Structure formats: structure tokens, C-alpha cells
1. Based on the Kirkwood radius over alpha-carbon pairs, what value in µm²/s does the Stokes-Einstein equation return for the translational diffusion coefficient of segment 121-175 at 20 °C and 1.002 mPa s?
2. Assuming R0 = 22 Å, what is the FRET efficiency of K70 and D131, from their Cβ-Cβ distance, to the nearest 0.05?
3. What ranking of Y158, Y66 emerges when the number of other C-beta atoms within 10 Å of each C-beta is taken as an exposure proxy, fewest first?
4. Mind checking the full-extension length gain between V43 and V145? Use 0.36 nm per residue of separation minus the Cα-Cα distance, one decimal, nm.
5. Using 7 Å Cα-to-Cβ label points, what is the S35/M124 separation (nm, one decimal)?
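Every number here is computed from the coordinates shown, using simple stated rules; none is lab data. All values reported here derive from a predicted model rather than from experimental measurement. Using ideal geometry, Cβ is built from the backbone for each residue, glycine included, and neighbour counts are taken over all protein chains shown.
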Amino acid sequence: MKAKQWALVGLAAAVALALVGGYLFKSVEVGSLQSTIAYQQEVLKRQAEVLLQLRRAAVPRNFEDYTALKAWVDNWESVNKPIAVGDGKRSFVLTGSSVVSSEYWDCDDVADAMQRCAMTDGYMMSVVLVDRGGKVYGIRVSSIVNHAGCMAVAEGTYYYVEPFTGEITKITERD
């Protein structure tokens, strides 16, 4: 072989080597990208699951059943049991944390506090007014008249919750 032919063979070999090396480099690069993409997809899937759980916790829901409602109310009462004290002219409400509230803190304020705690825990609860007969929706729920308490739904049933005692009274079925 002449020198010119050897030069062409060497050049062809160098080009072939460059092509093969470039292909191998591209293969490694593509494989790396594919595993990075798969990893990122898995991360996004896990993040979407966490966001879904957070959304469920952030959007208030009805109580799962009466037992869940009762357990929540019992816990709230044990921590926040309001005790009204007074001298005949003024009344104060002490809560489970021994915080003295102003003289203006009465039944609607206690019902508001219970409602806020329920919402914080992810449950729907409404403040409801008790009429002059101690009734809500025609059902006697309290011996206290012109009063405020709370209402919650569990298993398709409306319940009145007395914030001062934790007593729960069935009102009516949902339609």
C-alpha cells in the first residue's frame, strides 16, 4: 500500500472511530436522560399525591359517622370545656386553657370557637340558633332558650351539638 492509501485508511478509521465514539456517547447521554425523566416523573407523581392529601385536609368535610362526631366533640370538650362564672353583674368564661374571656363571651362566642376548631381540623360545622322554645327545626335540643350552639352532619343526619356540655341531639335526616 502506498502512503496515500494508508492515509485514506487511517482517515477512514478515524472517522469510523469518531462516529462509533459519538454514538456511544449519545447512547449514554440518551440513557441518562431517560432515567432522569423517569425519576422526575416519579417525583411529580409523589408530589401530586401529597398535594391531593393536603387538598383533602384543607377542604372541610362532614364527619364520617356519629362515632367520629362524638369523638371529636368529646375531645373538644376535654380541651376547651367552657365554664361560665359570674357575680350576678358580670360573667366570665374560662376555657380548658384557663384563659379568662371578657364578660361579653357567651353562647354564640363558644359556638364560634367550636366551629373554628372543627374547621381547623377539616370538618364542617355551623353555628345554629336555638329558638325561644329551646328548639332547632322543631326539635327540642336545649333547656336554654334564645341560645346558640352548633350543627354538624354525619352519615346524612343533621346533629345539634351543645358547646357547653358536648351533648349531641339528632335533628333530621338529609334529603
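1. Numbers: Rh = 11.2 Å.
Translational D for this selection: 191 µm²/s.
2. Working: r = 25 Å, r/R0 = 1.14.
My answer for the efficiency is 0.30.
3. Working: Y158 19, Y66 15.
In order of increasing Cβ crowding within 10 Å: Y66, Y158.
4. On the way: separation 102, 0.36 × 102 = 36.72 nm, distance 5.66 nm.
Residue separation times 0.36 nm, minus the Cα-Cα distance, leaves 31.1 nm.
5. Spacing of the two 7 Å Cα→Cβ label points: 5.0 nm.
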